[in-house]
Amino acid sequence: MAGWRYRIAVMVLGGAVTLLCLMGSARSAGAVPPGIQWTDLERKFEGVFVLSASRESRKVALTFDDVPDPRFTGQVLDVLKKKHVTATFFAMGTRSMKHPDLLRRIKREGHDVGNHSYSHPDFSKLPVEDVKRQITRAETVIAGIIGYKPKLVRPPYGEIMPEQLEWAKTQGYTVVNWDVDSADWRQLTENEVFRNVTKSVRPGSVILMHAGGGEGQSLAGTVKALPRIIDWLREHDYEPVSLSELLGLPVKRDNSLKQMLHLPEGAIE
Ligand SMILES: [Zn+2]
């Protein structure tokens, strides 16, 4: 009898553990429906949803979200200028309207500008119509300041749904998340930001950092870690480049057939 009881207890416990594991994986999948991971979306939406580039070249891309922010964006630009590095900045519509000169400086200094939505909502909680409005509204603001519509889009928090990607595809956008997270938005120290990037970077990596923050949020660790990260990358034969160079894409979106069909540069002349 005791044996049965023991077996039943083990079965119940096993069931509970399985359930907990399922709940855990559903949570870690984030916005996308349970069972779909970013890597699955990258395969399904090849060339439209991107986490990293080819692992065959040692090029990597430093990307900075939530700009322009007068507290940190200028400091990041100063470091990049001193180190002769070209990077990518994902701009919000609301912040671009407030600080257009800073957005113009990003472009003038040779960096790529991408679209990071108008007001930074979580796309996974929005109907597709609202997502369209967030992207096109930001695009109108950004294009009015720097003169082009960015082809590159990064959804806030990296959250995006399959049907939203379907729409992005028809409009010629490329949605770029990342495979290396500096987690710098947690207000980490210089050493923590440096370690987070250098421990997981690989050839072709897209590195997530921030050059803008919320009220009272400090990115001092990012600004201090950045020159060390650039030096480390070069010492290890990595070449930091813009996203458009890493992915072989134009930085500007247009509605040409070439872009709509997601053909590589030079495919149609
Ligand atoms: Zn953001």
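Here the label points at S218 and D231, each 7 Å from Cα along the C-beta direction, are separated by 2.2 nm in the simple model. Of V251, V193, the sequence from fewest to most neighbouring Cβ atoms within 10 angstrom is V251, V193. Cross-link reach is defined here as a Cα-Cα straight distance under 12 Å, omitting same-chain residues fewer than 8 places apart; for K125 the aspartates and glutamates meeting it are E159. Counting DSSP beta bridges in segment 38-260, what percent are antiparallel, to the nearest 5? Of the beta bridges lying entirely in segment 38-260, close to 10 percent run antiparallel.
Placing a pseudo-label 7 Å from each Cα along the Cα-to-Cβ vector at K199 and K83 gives an inter-label distance of 1.9 nm.
Per residue, the convex hull spanned by the Cα atoms of segment 80-151 measures out at 86 cubic angstrom. Report, in listed order, any pair from K59/K199; K82/K149; K169/K252; K81/K107 with a Cα-Cα distance greater than 19 Å. Violating the 19 Å Cα-Cα cut-off are K82/K149. Once the Cα-Cα distance is subtracted from the 0.36 nm per residue extended length, the M97 to T140 segment shows a gain of 14.4 nm. For segment 197-222, backbone nitrogen atoms closer than 12 Å to the point 7 Å from D181 Cα along Cα-to-C-beta are found at 208-209.
Each value in this text was obtained by applying a stated rule to the coordinates, not by laboratory testing. Quick caveat: nothing in here was measured; it's all calculated off a predicted structure. In this analysis, Cβ positions are derived from the backbone assuming ideal geometry, glycine residues included, and neighbour counts consider all displayed protein chains.
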